[in-house]
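The values are calculated or read from the model by the stated rules, or taken from the named source; none is laboratory data. From a predicted model like this one, the values you see are computed outputs, not experimental measurements. All Cβ positions, glycine included, derive from the backbone under ideal geometry; neighbour counts span all protein chains shown. Accessible surface areas use protein heavy atoms only, side chains included; no ligands, DNA or RNA. Shrake-Rupley method; radii C 1.70, N 1.55, O 1.52, S 1.80 Å.
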Amino acid sequence: MIKPRPRIVNLHETQPNTKRGGDLRAMLTPATVGSTSGFMGVAIVQPGDRIGEHYHPYSEEFVYVICGRLEVDLDGEAQPLQPEQGLLIPAYMRHRFRNVGDTEARIVFHLGPLAPRPQLGHVDTEETDAVAVAAEAAGTGGARPAEVRS
């Protein structure tokens, strides 16, 4: 058996993922550090931006707010999130993060256990691209049926 080795990963070494809204950075993952029980990252959300609604069928999500003023919708119910607060989101619970303040918000997230395959670990329940956000702002919707995404 090979003993895992510690590895430090700098936020700026990770690629931004903006397809779900915000700037999601998966930092400590099976691919980057060889983790076997979960993964950790940082979400950076600008004022007025959001991370689109989704859920995780295999994992609990642990969230810790570093800075900023957020609201999280949990199965459609809005809850305020402040700096230095933690939140456990159970598996299968739909959730969406919104920056409702006037400064950048940052959260640390950890998901575990891992899904059997990465593409099964995240299910989007709404669109978050620019077209959908514009349609939502215009009052024409933007929601779509749930779809498995990586």
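Key figures
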read-out	value
Residue in the range 56-76 that is farthest from residue 123 (Cα to Cα), counting only those that are open to solvent by 70 Å² or more (accessible area, probe 1.4 Å) and part of a loop (DSSP other than H, G, I, E, B)	69
Breaking point among (1) open to solvent by 50 Å² or more (accessible area, probe 1.4 Å); (2) without any contact (Cβ under 8 Å) to a residue 40 or more places away in the chain; (3) over 26 Å from residue 92 (Cβ atoms), for residue 48	(2)
Restricting the range 69-91 to residues that are within 19 Å of residue 21 (Cβ to Cβ) and small (Gly, Ala, Ser), the residue that is modelled with the highest pLDDT	78
Residue 123 at pLDDT below 95 and either under 18 Å from residue 43 (Cα atoms) or of a type in the set (Val, Ile, Thr) (or both)	no
Condition broken by residue 44, with the remaining ones in (1) over 20 Å from residue 23 (Cα atoms); (2) in a strand (DSSP E or B) satisfied	(1)
Residue match in the range 14-27 (condition: in a loop (DSSP other than H, G, I, E, B), open to solvent by 60 Å² or more (accessible area, probe 1.4 Å) and in contact (Cβ under 8 Å) with a residue 60 or more places away in the chain)	yes
Filtered residue count, the range 111-120, keeping only those that are crowded, with 16+ Cβ neighbours inside 10 Å and either modelled with pLDDT under 95 or not in a loop (DSSP other than H, G, I, E, B) (or both)	2
Every pair of residues 6+ apart whose Cβ atoms lie under 9 Å, when the first sits in the range 77-104 and is assigned to a strand (DSSP E or B) while the second is of a type outside the set (A, V, I, L, M, F, W, C) and surrounded by fewer than 13 Cβ atoms within 10 Å (Cβ to Cβ)	87/79; 95/75; 98/48; 99/48
